[in-house]
1. Can you give me the P(r) profile for the chain? Cα pairs, bins 10 angstrom wide beginning at 0, each as a whole percent.
2. Suppose every Lys and Arg Cβ carries +1 and every Asp and Glu Cβ carries -1, with no other charges. What dipole size does the stretch 164-269 come out with about its Cα centre, to the nearest 20 debye?
3. Which value results for Rg/Rh of the stretch 228-340 when Rg is the Cα radius of gyration and Rh the Kirkwood radius based on the inverse mean 1/r?
4. Give me the one-decimal Kirkwood hydrodynamic radius in Å for the stretch 10-167, with the sum taken over alpha-carbon pairs.
5. Per 5 Å bin, what is the whole-percent P(r) computed from every C-alpha pair distance within the stretch 152-196?
6. Name the aspartates and glutamates eligible as straight-distance cross-link partners of K250: C-alpha to C-alpha under 17 Å, and not fewer than 8 places from it in the same chain.
7. As a test, work out the antiparallel percent of DSSP beta bridges whose residues both lie in the stretch 63-198, rounded to the nearest 5.
8. Of P340, P318, P356, which has the largest mean-square fluctuation in a 10 Å C-alpha GNM of the chain?
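The values are calculated or read from the model by the stated rules, or taken from the named source; none is laboratory data. Keep in mind the model is a prediction, meaning the values are calculated, not measured. A quick note on method: Cβ atoms are made from the backbone with ideal geometry, for glycine too, and the neighbour counts reach across all protein chains shown. Ligands, DNA and RNA are excluded from the accessible area calculation, which covers all protein heavy atoms including side chains. Shrake-Rupley method; radii C 1.70, N 1.55, O 1.52, S 1.80 Å.
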Amino acid sequence: MRLSGIELIRVAMPLRTPFRTSFGTERDRDVLLVRAEGTVDGSTVVGWGECVAGAEPRYSPEYVDGAEHVITHFFAPRLFDRGDVEAENVGALLEVFEGHPMAKAALEMAVLDAELRAAGRSFAEYFGAVTDRVPAGVSVGITDDVAELLEQVAGYLDDGYLRIKLKIEPGLDVDRVAAVRERFGDDLVLQVDANAAYTLDDADHLAELDAFGLLLVEQPLAAGDLRHHSLLATRMRTPICLDESITSAKSAADAIALGACSIVNIKAGRVGGYIEAKRVHDMCQVHGVPVWCGGMLETGLGRAANVSLAAMPGFTLPGDTSASDRYWERDLTTPFVLDPDGYVALPSGPGLGVEPLPDMLAETTTSARWLHP
Ligand code: SMG
Ligand code: MG
């Protein structure tokens, strides 16, 4: 497409319930949206991207003000200089700049959406989706006490979610898992996510989780510490899944080769875009490593892309691709709903298949500015 402008829109989206992880509590999402405008063969096209960076650099070094800054001052000018851009070369064009995968991913997503809308193709078609709906899991934040945790899990199981992920941190881990397992039985598909809160010194303690038949333990140790993850893998039976550590298809290949993980969580923002996310999937599939789609508390825009990605054949485990009402009173787009049997349907229609509802966009926008060539 020939880019004529990029609008950076910030929206304030209050979460229905605060979401506590080992690195902090999120109450509202301050989301950066990217609206790319331009022409394809003379016709005007528009595409939407969503940046998953949080308000603070806690999950990763990126944060939303930084993402807006780096797009404004470095990434957008480079794309404008190029004039004609294709989604499949946005990543390469921006490679001269170090880091900022979430900011890069948002731009690439907007260009990809515009191109696919112009071509009348959906994200799902682009990814080579093999299904029109995906099994949904739900990520349950750390609660103040066990009673509240059991109540939340019971509510999500009533809704129909097929898999529960518990956030854990030192001191709020084995006992919490034990309580959930005892209350809901051995058939509950259960996994945990530590968001890098432990060290290898905790290996014996983490191995106590082996008693509970977990599907996986996600990111127990620091993001950069593949070596200790591979040592931890020899000291516990529960499969290790990596999230924060996986920043590209190359890093996923390294982690697999080192024995640091046997399952991979794929998040487009963390790896620099949906095109690299697809490469992570393809690489894992070659190695017989199961993958699943992570979540970053996305609005309907990011969710549309995530569920489409999750329809690729290697996504054999339920993702953190929950329905809109898990997060929002009202989503930015037409809502994603959970089928009674625990699946979320892919959007149909060109590109993402959804766009911001004008009244919701007007209601939630806190700032908007245009960048032009
Ligand atoms: O989108 O349902 C969601 C959240 C899933 O737990 C989730 N994400 O480490 O996997 C993870 C976390 C990161 C985001 S916490 C703000
Ligand atoms: Mg995680």
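1. 5, 25, 35, 24, 9, 2, 0
2. On the way: 10 positive and 17 negative charges, 69 e Å.
That gives the stretch 164-269 a dipole magnitude of about 320 debye.
3. Numbers: Rg = 14.8 Å, Rh = 14.6 Å.
With Rh from the inverse mean 1/r over Cα pairs, Rg/Rh is 1.01.
4. Values: mean 1/r = 0.0553 Å⁻¹.
Across the stretch 10-167, the inverse of the average 1/r is 18.1 Å.
5. So the P(r) values, bin by bin, are 5, 21, 33, 25, 12, 4, 0.
6. E95, E98, D225, E276, D282
7. Numbers: 1 of 9 bridges.
For the stretch 63-198, the DSSP antiparallel bridge percentage is about 10.
8. P340
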